[in-house]
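Notes follow once the structure below has been shown.
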Amino acid sequence: MTSTIFGTGWTYFMDAWRFVERGGRWSADTMHLELIEAVLATLPTEIAATVRQQLEHRYFFSWMSDGRINVFFFYNQRGLTLIPDPAYEDRLFKVELFVEGRKYVAHVSFFERRIHCVELKKPRSFFKGKAYRIGAVSDGKPSDSFTRAIDRAEHGKPTDINP
């Protein structure tokens, strides 16, 4: 019991530290939520309802890699209702995002049957104060994620020696 209380306290402390250092907060930005809603509008109602229910739980929304990789860290993962479809173990959707007449592609990813992250091609600060509109949503491959591209750039392609 004590280790659970200590672990939870430590998690909240670290999230508060990340908040102070502008590395995230306890709610997602409007643009991120609108990108998620665009994806949910294309999904079966049961799955969309499950994801909306997940987003009602307490989480910390972390802005990694200058806000290009925006990850949901749920405090009570065991209490989340998981998406019933096993296709959401590792799934990515591409969402068109138009900013000042230019088209960008954002990714909304699901992992282990829960909403996992929203990835942007540009740093989070690039989008601040700019008008945008959301376009079409299409299926993508998890290997297309910006996270994996950054890992490949930093560490090379996965091999037997470099997993």
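The values are calculated or read from the model by the stated rules, or taken from the named source; none is laboratory data. Since the model is a prediction, treat every value here as computed from it, not as a measurement. Ideal geometry is used to build each Cβ from the backbone, glycine not excepted, and the neighbour counts take in all protein chains shown. The protein model used for the area step is the full one, side chains on, heavy atoms only, and it has no ligands, DNA or RNA in it. Shrake-Rupley method; radii C 1.70, N 1.55, O 1.52, S 1.80 Å.
Structure summary
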read-out	value
Angstrom value of the Kirkwood radius, inverse mean 1/r, which spans all Cα pairs in segment 49-94	12.0
Approximate spin-label separation LYS103-GLU89, in nm, with each point projected 7 Å along Cα-to-Cβ	3.3
Geometric extent, Cα atoms of segment 46-129 - Rg, Dmax (angstrom)	13.8, 42
Net +/- balance of residues flanking GLY79 in space, Cβ distance below 15 Å, scoring K and R +1, D and E -1	+2
Residue-normalised accessible area of segment 16-146, given per residue in Å² at a 1.4 Å probe	52
Pairwise FRET efficiency - GLU46 versus ASP66, Cβ, R0 = 30 Å, nearest 0.05	0.25
